[in-house]
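Worksheet: the structure to be examined is printed underneath.
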2 protein chains.
Amino acid sequence: MAQAAQMAQTAQATIGDSEFDRDTAVTLREEGVYDAELSAGWTIIHAVNGGYLLAMLGRALGQSLPHSDPFSVSAHYLTASVPGPAVIRTQVVRTGRTLSTGQASLFQYAEDGTETERIRVLATYGDLEALTDDIRTSAQPPAIPPLEQCLGAGDGPAPIPGSSAITGRLSVKLDPATVGWAIGAPSGKGEMRGWFGLADGRDADPLSLLLTVDAMPPTSFELGLKGWTPTIELTTHIRCRPAPGPLRVSITTRNLAGGFLEEDADVWDSADRLVAQSRQLARAPRG
Amino acid sequence: MAQAAQMAQTAQATIGDSEFDRDTAVTLREEGVYDAELSAGWTIIHAVNGGYLLAMLGRALGQSLPHSDPFSVSAHYLTASVPGPAVIRTQVVRTGRTLSTGQASLFQYAEDGTETERIRVLATYGDLEALTDDIRTSAQPPAIPPLEQCLGAGDGPAPIPGSSAITGRLSVKLDPATVGWAIGAPSGKGEMRGWFGLADGRDADPLSLLLTVDAMPPTSFELGLKGWTPTIELTTHIRCRPAPGPLRVSITTRNLAGGFLEEDADVWDSADRLVAQSRQLARAPRG
């Protein structure tokens, strides 16, 4: 880890001053309405990553609601986003003492200027700092080999065929037990596990966790399916403010049926806390 | 099962003609707007069950969208509902060939006639009949003893203290391994399992599954906590049209932390198909 420590000393980005923060920035246009620019840096082939979009919506909601931390964010993906300008329209649904609920939609523009809705989100926000210290979790962190034994985009065949800008923004190191798909030998199990960080060294916060839950290769690859696994709906619970350091992510699919599958993501921080839990419903690839 | 068969012959309600159907009925007032009456028959103490409310919203959305079956329904619970009149306002968000997305809110009236929003839902609907027969699930039905060895409301101490009308509408028989809480000896595990049916014998359909995922005693009881476990957010995936016959429901909590917990429900039909998966974020009782 000497190398990592050295990197940290020389070039580590910080929360608020990083690629992720710049690329998820939103600018207040008028009350509840934010302008944004979807960066081409977070694309997989030509599609903008759904977790990146979710983080941007989460940022807008955190600015428009009286509470700043996402507790539960439910997103329904409507149409495919493309790099370029976007507008986010938010609505305060309910304001409470400890929790508040809001809604947000991200739109992009057609050539004639009409807006097309990309994603709609319902979310409940609170204050993670205000949570009690009472922890009775029975969940255990996943067994993942040490980071230096795991495999990243530069360690072999390109994990995702084609040009995927997002691989340059992330530091994903997969458990070798879940990379069979990259060499044509998928395990057949609906499991994907690995270490997750941002390439510029920025530590995780609740907003970046919204990216993390949807930034690993899909479990469908290990189920032997190739191609796009478009998200229909993704709900994320942020359960704890993450400690600094790399995250561990475990994604599991139990039920691939009728052309659809669920993906359950658990995200663990360096202090062994379960910091995020998500579940998505996605269309299975036809391959 | 001879007794059950006899009951079925004499007094079985049917889908469309049952307590559940009558009590979740909605009446079109104008385009997208439905009047409803929250029945006191589905209350726990004084609170209207969240799954019952969800089924009512699901029915309104099924009538307003071009697709009739809920695939993914995300509900954020805002304020506590009470028996009495309500209005459901729906919006068509996107219409696609195989899926459509809608939004719905349930409101009740204050004495001065102003509306208070109780629940807001985002949902994606489709056609369960159109799904492929390709099933590669690795999920296994939970090990639950035969129905006649499981315990219902009439088999011992009242499972839920106080007057709970909903127990008369349901036929819930819990795995004896998960009823320790009813005799003051909770297991300490975040697990609740059992058989589920409607008391009048109506078989399950996608709408009643929206009730089922939130109609069991909370896992917090087996974690040794007493009192109310209010739902903040509940997302349900309906994965298959259920076969006739009793359902098996398994609810699991892994992460009780900071005053909140998640509850994951799996619902299995008599053909051993995983017909529904849900996850909710709830406030932990203080007890």
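Please work out if A:THR167 is without any contact (Cβ under 8 Å) to a residue 40 or more places away in the chain and either within 14 Å of another protein chain (Cβ to nearest Cβ) or exposed (fewer than 13 other Cβ atoms within 10 Å of the Cβ) (or both).
no
Being within 13 Å of chain B (Cβ to nearest Cβ) and either part of a loop (DSSP other than H, G, I, E, B) or at pLDDT below 95 (or both): is that true of A:THR137 here?
yes
Looking only at the stretch B:211-260, count every residue that is outside any loop (DSSP other than H, G, I, E, B), of a type outside the set (Phe, Trp, Tyr) and over 14 Å from the mean Cα position of the chain (by Cα) and tell me the total.
Counting residues in the stretch B:211-260 that are outside any loop (DSSP other than H, G, I, E, B), of a type outside the set (Phe, Trp, Tyr) and over 14 Å from the mean Cα position of the chain (by Cα) gives 7.
Inside the stretch A:119-142, can you point out the residues that are charged (D, E, K, R) and within 18 Å of A:SER64 (Cβ to Cβ)?
Residues satisfying the conditions are A:ARG120, A:ASP127.
When you look at B:SER220, is it hydroxyl-bearing (Ser, Thr, Tyr) and surrounded by 19 or more Cβ atoms within 10 Å (Cβ to Cβ), yes or no?
yes
Given the conditions (1) within 12 Å of chain A (Cβ to nearest Cβ); (2) assigned to a loop (DSSP other than H, G, I, E, B); (3) basic (Lys, Arg), which single one is not true for B:ARG279?
The single condition B:ARG279 does not satisfy is (2).
For residues that are outside any loop (DSSP other than H, G, I, E, B) and free of Cβ contacts under 8 Å to residues at least 60 places away in the same chain, scanning just the stretch A:264-276, find the one that is farthest from A:ASP69 (Cα to Cα).
A:ASP264
Looking at the structure I just gave you, is B:GLY227 in contact (Cβ under 8 Å) with a residue 12 or more places away in the chain, in contact with a Lys or Arg (Cβ under 8 Å, 6 or more places away or on another chain), surrounded by fewer than 24 Cβ atoms within 10 Å (Cβ to Cβ) and more than 9 Å from chain A (Cβ to nearest Cβ)?
When the stated conditions are applied, B:GLY227 passes them.
Scan the stretch B:107-124 residue by residue and report those that are aliphatic (A, V, I, L, M) and either at pLDDT below 95 or farther than 19 Å from B:LEU54 by Cβ (or both).
B:ALA110
Output the residues belonging to the stretch B:121-145 that are among the charged types (D, E, K, R) and within 30 Å of B:VAL87 (Cβ to Cβ).
Result: B:ASP127, single match.
Across the stretch B:60-70, what is the number of residues that are buried (at least 24 other Cβ atoms within 10 Å of the Cβ) and touching a Leu at 6+ places or on another chain (Cβ under 7 Å)?
1
Each row is one residue, and each column tells you yes or no for (1) touching a Phe, Trp or Tyr at 6+ places or on another chain (Cβ under 9 Å); (2) assigned to a strand (DSSP E or B); (3) modelled with pLDDT under 95; (4) not assigned by TED's automatic domain parsing to the domain that holds A:VAL121.
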position	(1), (2), (3), (4)
A:TYR52	yes, no, no, no
A:ARG59	yes, no, no, no
A:HIS67	yes, no, no, no
A:ALA86	yes, yes, no, no
A:THR90	yes, yes, no, no
A:THR98	no, no, no, no
A:SER105	no, yes, no, no
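Let me confirm something: among B:ILE144, B:ILE160, which residue is in contact with a strand residue (DSSP E or B) (Cβ under 7 Å, 6 or more places away or on another chain), assigned to a loop (DSSP other than H, G, I, E, B) and modelled with pLDDT of 95 or more?
B:ILE144
Looking at the stretch A:183-219, which of its residues are among the acidic types (Asp, Glu) and either in contact with a Gly (Cβ under 6 Å, 6 or more places away or on another chain) or under 27 Å from A:ILE15 (Cα atoms) (or both)?
Listed by number, the residues that qualify are A:ASP200, A:ASP203, A:ASP205, A:ASP214.
Which residue pairs have Cβ atoms under 8 Å apart, sit 6 or more places apart or on different chains, and have a first residue in the stretch B:29-42 that is under 12 Å from B:ALA60 (Cα atoms) and a second that is among the acidic types (Asp, Glu) and not in a strand (DSSP E or B)?
none
Looking at the stretch A:224-250 only, could you name the residues that are aliphatic (A, V, I, L, M) and at pLDDT 95 or above?
Those that are aliphatic (A, V, I, L, M) and at pLDDT 95 or above: A:ILE232, A:LEU234, A:ILE238, A:ALA243, A:LEU247, A:VAL249.
Condition check: more than 14 Å from every other protein chain (Cβ to nearest Cβ), among the aliphatic types (A, V, I, L, M), out of contact with any helix residue (DSSP H, G or I) (no Cβ under 7 Å at 6 or more places or on another chain) and more than 24 Å from B:PHE20 (Cβ to Cβ). Does B:ALA143 satisfy that?
Yes.
Against the definition (hydroxyl-bearing (Ser, Thr, Tyr) and within 14 Å of chain B (Cβ to nearest Cβ)), how does A:TYR52 come out, yes or no?
No, not satisfied.
What's the number of the only condition in (1) closer than 26 Å to B:PHE260 by Cβ; (2) away from chain B (no Cβ under 14 Å); (3) over 18 Å from the mean Cα position of the chain (by Cα) that A:ARG97 fails to meet?
Single failed check for A:ARG97: (2).
Counting only residues that are touching a Pro at 6+ places or on another chain (Cβ under 7 Å) and not aromatic (Phe, Trp, Tyr), which one in the stretch A:267-284 is farthest from B:GLU233 (Cα to Cα)?
By that ranking, first place goes to A:SER270.
For the stretch A:232-272, what are the residues that are within 11 Å of chain B (Cβ to nearest Cβ) and over 15 Å from A:THR212 (Cα atoms)?
Across the stretch A:232-272, the qualifying residues are A:ILE232, A:GLU233, A:THR253, A:ARG254, A:ASN255, A:LEU256, A:ALA257, A:GLY258, A:GLY259, A:PHE260, A:LEU261, A:GLU262.
Filtering the stretch B:194-211 down to residues that are small (Gly, Ala, Ser) and surrounded by fewer than 24 Cβ atoms within 10 Å (Cβ to Cβ), which residue is farthest from B:GLY180 (Cα to Cα)?
My answer is B:GLY201.
The values are calculated or read from the model by the stated rules, or taken from the named source; none is laboratory data. No experiment lies behind these values; they were computed from the predicted model shown. For neighbour counting, all protein chains shown are included, and Cβ atoms are generated from backbone atoms with ideal geometry for every residue, glycine included.
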